[in-house]
């Protein structure tokens, strides 16, 4: 599995209320949520929803996804077209919610420090290698274990379970 896209860069402690503001939680439609994703992020010079393209990548500092445990946040990110989130660290529940819905995320401090807004980045999930194509640099993250790769390839835990139960 690979991802390749342009980077949207954010700082520390981007919480779930910044990822998807609470005023939009009356919708469970992924595309509606995506249209408001990162709307309140003041750390970025580029408006997210109007500029994100399928395959793009979010890179952030520490504690990305802190705050509430709502699944709306990773759903909004995934539905916006983001192919991967790279950060120094993630809030624990956010991390698991991402895996459960099939949104690949990687912790890599060196990459998070060095990658800048609008850099072009490629990620190989099988090896954990992150390549900054703009700067011609590589970084090593921990590759996903096989069971997590299978879950993400299926589209998340629910979709994988449907396949295993023969419902799909």
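The values are calculated or read from the model by the stated rules, or taken from the named source; none is laboratory data. Keep in mind it's a predicted model, so treat the numbers as computed, not measured. Neighbour counts are summed over all protein chains in view; Cβ atoms, including those assigned to glycine, are modelled from backbone coordinates with ideal geometry.
Summary of computed values
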quantity: Check on residue 166, out of contact with any helix residue (DSSP H, G or I) (no Cβ under 7 Å at 6 or more places or on another chain), on the phi > 0 side of the Ramachandran plot, surrounded by fewer than 14 Cβ atoms within 10 Å (Cβ to Cβ) and not in a strand (DSSP E or B); calculated: yes
quantity: Condition check for residue 67: touching a residue at least 24 places away in the same chain (Cβ under 8 Å), under 17 Å from residue 1 (Cβ atoms) and surrounded by fewer than 22 Cβ atoms within 10 Å (Cβ to Cβ); calculated: no
quantity: Hits in segment 131-141 (condition: assigned to a loop (DSSP other than H, G, I, E, B) and either within 16 Å of the chain's Cα centre (by Cα) or surrounded by fewer than 14 Cβ atoms within 10 Å (Cβ to Cβ) (or both)); calculated: 133, 135, 136, 141
quantity: Residue 85 vs. criteria under 18 Å from residue 1 (Cβ atoms), buried (at least 16 other Cβ atoms within 10 Å of the Cβ), touching a helix residue (DSSP H, G or I) at 6+ places or on another chain (Cβ under 8 Å) and at pLDDT 95 or above; calculated: yes
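For (1) in contact with a strand residue (DSSP E or B) (Cβ under 6 Å, 6 or more places away or on another chain); (2) without any contact (Cβ under 8 Å) to a residue 12 or more places away in the chain; (3) more than 30 Å from residue 162 (Cα to Cα), each residue gets a yes or a no:
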site	(1), (2), (3)
46	no, no, yes
60	yes, no, yes
72	no, no, no
85	yes, no, no
97	no, no, no
102	no, no, no
112	yes, no, yes
127	no, no, no
